[in-house]
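The values are calculated or read from the model by the stated rules, or taken from the named source; none is laboratory data. Computed from a predicted structure; not experimentally measured. Glycine gets a Cβ as well: all are built from the backbone with ideal geometry, and neighbour counts include every protein chain shown.
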Number of protein chains: 2
Amino acid sequence: MSEAIDNRQIRLARRPNGLPERDDWRLTTESLRAADDGEVRVQIDYISLDPAMRGWMSAGKSYIEPVAIDDVMRAGTAGTVIDSRHPDFAAGDHVTGNLGVQTHAVAAGDELRKVDTTLADLPVYLGALGMPGMTAYFGTLEVGQLAAGDTVLVSAASGAVGALVGQIAKRYDCRVVGIAGGAAKCRYIVDELGFDAAIDYKSEDIAEAVGDRCPNGIDMFFDNVGGEILDVALANLRLHARVVVCGAISQYNVTGHIGDTGYAPQNYLSLLINRARMEGFIVFDFADRYPEAAQHMAGWLTNGEIAHREDIVSGFDNFPDAFLKLFSGENFGKLVLAVDS
Amino acid sequence: MSEAIDNRQIRLARRPNGLPERDDWRLTTESLRAADDGEVRVQIDYISLDPAMRGWMSAGKSYIEPVAIDDVMRAGTAGTVIDSRHPDFAAGDHVTGNLGVQTHAVAAGDELRKVDTTLADLPVYLGALGMPGMTAYFGTLEVGQLAAGDTVLVSAASGAVGALVGQIAKRYDCRVVGIAGGAAKCRYIVDELGFDAAIDYKSEDIAEAVGDRCPNGIDMFFDNVGGEILDVALANLRLHARVVVCGAISQYNVTGHIGDTGYAPQNYLSLLINRARMEGFIVFDFADRYPEAAQHMAGWLTNGEIAHREDIVSGFDNFPDAFLKLFSGENFGKLVLAVDS
C-alpha cells in the first residue's frame, strides 16, 4: 500500500488582465491518489516556466485550449517516479511530462518520457533537451531554412530558445547577432555562446544597432519578442529572408490575448520588396520528429558544441514571482522552478 | 533608308508625393533613330498600366531601380515591328517587351518576345498571357502552394491578377471568394468568372463579410490591396494558411515609398497561432519558368476555362488619367492604354 502524500497545486483562479498577478492563481492541497493500472505516481522536482504559459491563461482562440478556471496551471515538468503500475517505469526513474504546476502527479505512462540523468542534469530536459531545444532546432532549421553563410538575428538571445538558436546557427557557419537586455547578457552571448555580436536593447537604439551589426542585412530573423524589434528587423531584410515568428513576449500582456497585439509591424511590405517570408510555428507540430532533434541536440551538448544555462528559482510557493521574471527580462537562461518540497 | 518617325514619350518629371499628378510627367517628342545591327524598330500599340508602376516612380530601396528623373516612364508594351536588323524579327511581327510609355522604340532583339495574335488579341499578351498571368500563376501555385479543397480569398478580385488567381484556384477545386468594389464587379467575378462568392468592400463591412463567406476560415489569401483587408484576412486564417503578398495598392500612395505603409497589420500574430506563412514575391524571380506558365495559361484560355477582360483606354495623351484609374478602382479588368497614334 502506498504512503499518503500531500500534493500542493497552483490552480488558475481568474484570467489575468495584462501582466498576471499573484491572485490570478490559488494554492490547493490534495491527497495524492494511488496509481491505477497503467499509471505512474511522480514527484515533480522541476517546473518549466515559459512565455507560452501566459497565452494559456487567456481565453480566446489559440493553438491550444486555454487552462480552465480552477484547473491546475499547465506546465512542463521533470521529476522522479515514486511508484509505478506501468511496465516501462520503476520507482526512481527520472521522467518529463506536462504535469502542471504541482508538487506531485498521477500520470498515465504514455504521458511520460524517461530521461537519462547521467547524460545531463534533470533541469536540462526542460531546456536544451526539452521544448526550448526542440523549438530552437525546428524553428531554425525547418521553418527558418537556415543556410550556411546566412546573417542571423535572434531576439531574446540569452533566453532558453534564443541562446540555442544562435548556437545552432554558428554550427552552420552563419554570422549570428543577438539582441539581449543589459551588458551581462550581451557579454554572455558573445563570450560564452560564440555569437558574433550583441545588441543591448536597453542601452542602444535598436534601428541604428541592427544597421551597424548587420551591415549587409538579415537572412533569417528568429523572433521571440515582437514589437519594435520585429519592425526594425523587417526594415533590414535581405532578398529571400525568413522571419521566424516563435513568440512575441513584448506583446503577451498588452491585451490578454495573444492574437491582439499592441504593436503592428509597419514594415511588412519589406516582405514584398525582398521576396521574404514571415512564418509562425508551434513546436508541437514537429512532435513526430522530436527524437531526431533530441539526438542532434544531445550530441552537441555532450561534445561541448552547445552551451546551456538554467536559471533555477527555488521553492514551489515562489511560482508567481518566478514566472513574472520572464516578462521583466530578469531571468538569465532557461527559467526553471525547483520544487524543493 | 527608313522613313522619319516622330516618337512621342512620357518622361518622369518629378517624384510624386502621394497620388501622382499629371505634372509628375512631361511629354517629349524625338525622331526615332534607325535600327543598328541586332535591333528592331517597334510601333507600340498597347501600353500596360500596372499598380507596380507607382512604386517605380519613387526613390528608395525596392526590388528594382526607380525610374530616373527625365527617363521615359517604364512600362510593359505590345506592338508591331516596323523594320528589323535582327534575324528573328520581320516587319509586321507582333511583339511584347518593356519598352516604356512611348509611341515607338528601338529595341535589341533579346528585349522582345514574338507573340501569336491568332491565338489571342495583342492586349491579352499584356494581361492573362503577360505579366499579370505569370504573377497569378506563380503566386497562386508556387508561393501560395494551392491545394485542392482550399478556401481562397482574393483581393482586387476583378483586377488583372486577382481575376486570374480566382479562376486558377477554381481549376484546382478550391472554394474561391473575391473582394471587389461595387455590385457590377462582384456580379462579374461570380457570374462570369465562376467565383463561389463575392464581397463588395464599398458596401459591406469587410470583417463581417469575410466571416460570413469564409465561415471555416481561409487557407490562402492572395493580397493585392493591403491595409484593413489584410488585417481581416489574418484574423480569419486557418491552420497552415498562406498569405501571398503580391501588392498593396491601398498603400502605395500613402507615403510615396512602397516600404513605408500607412497601415500595419495588427493581427500578424495570427501567423503564430495558425502556424501560417506570409510571403512576398516578385514575378521576375520566376522568369526562367515563364514558358511553362504561358503554356498552361494559353491552354486554359483557348479551351475557355479561364476568361479574361481588358479595360482599354484610347489615346496616348490620356496616360496620366488612365493610370490613375488603378488607384480609384475605376478600371474593370486589365487596364491597357491603346496608343492610337
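Structure summary
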item: Unique residue being away from every other protein chain (no Cβ under 14 Å) and under 22 Å from the mean Cα position of the chain (by Cα) when the list is A:Leu164, A:Leu230; result: A:Leu164
item: Sole residue being in the same structural domain as A:Ser48 (by TED's automatic domain parsing) and at pLDDT below 95, chosen from A:Thr118, A:Thr96, A:Thr77; result: A:Thr118
item: Unique residue being out of contact with any His (no Cβ under 6 Å at 6 or more places or on another chain) and over 19 Å from B:Leu141 (Cα atoms) when the list is B:Leu239, B:Leu234; result: B:Leu234
item: Any hit, segment A:170-186, residues being β-branched (Val, Ile, Thr) and not in a strand (DSSP E or B); result: no
item: Matching entry among A:Asn236, A:Asn253, A:Asn267 (being at pLDDT 90 or above and not charged (D, E, K, R)); result: A:Asn236
item: Per-region count, segment B:6-15, residues in contact with a Lys or Arg (Cβ under 8 Å, 6 or more places away or on another chain) and either in a loop (DSSP other than H, G, I, E, B) or modelled with pLDDT under 95 (or both); result: 1
item: From B:Arg33, B:Arg22, residue being out of contact with any His (no Cβ under 9 Å at 6 or more places or on another chain), modelled with pLDDT of 95 or more and surrounded by fewer than 18 Cβ atoms within 10 Å (Cβ to Cβ); result: B:Arg33
item: Set A:Thr103, A:Thr80: member being surrounded by 13 or more Cβ atoms within 10 Å (Cβ to Cβ) and in contact with a helix residue (DSSP H, G or I) (Cβ under 8 Å, 6 or more places away or on another chain); result: A:Thr103
item: Candidate set: segment A:187-197, residues that are within 20 Å of A:Gly211 (Cβ to Cβ) and in a helix (DSSP H, G or I); chosen: the one farthest from the chain's Cα centre (by Cα); result: A:Val190
item: Qualifying residue in segment B:200-218 (condition: in contact with a Cys (Cβ under 9 Å, 6 or more places away or on another chain) and under 23 Å from A:Tyr268 (Cβ atoms)); result: no
item: Single residue of A:Ser203, A:Ser158 found to be of a type in the set (Ser, Thr, Tyr), surrounded by fewer than 18 Cβ atoms within 10 Å (Cβ to Cβ) and touching a residue at least 12 places away in the same chain (Cβ under 8 Å); result: A:Ser203
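Let's see how each residue does on (1) of a type in the set (Val, Ile, Thr); (2) farther than 26 Å from B:Ala276 by Cβ; (3) out of contact with any helix residue (DSSP H, G or I) (no Cβ under 9 Å at 6 or more places or on another chain):
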position	(1), (2), (3)
A:Leu164	no, no, no
A:Arg171	no, yes, no
A:Lys185	no, yes, yes
A:Asp223	no, no, no
A:Asn236	no, no, no
A:Ala241	no, no, no
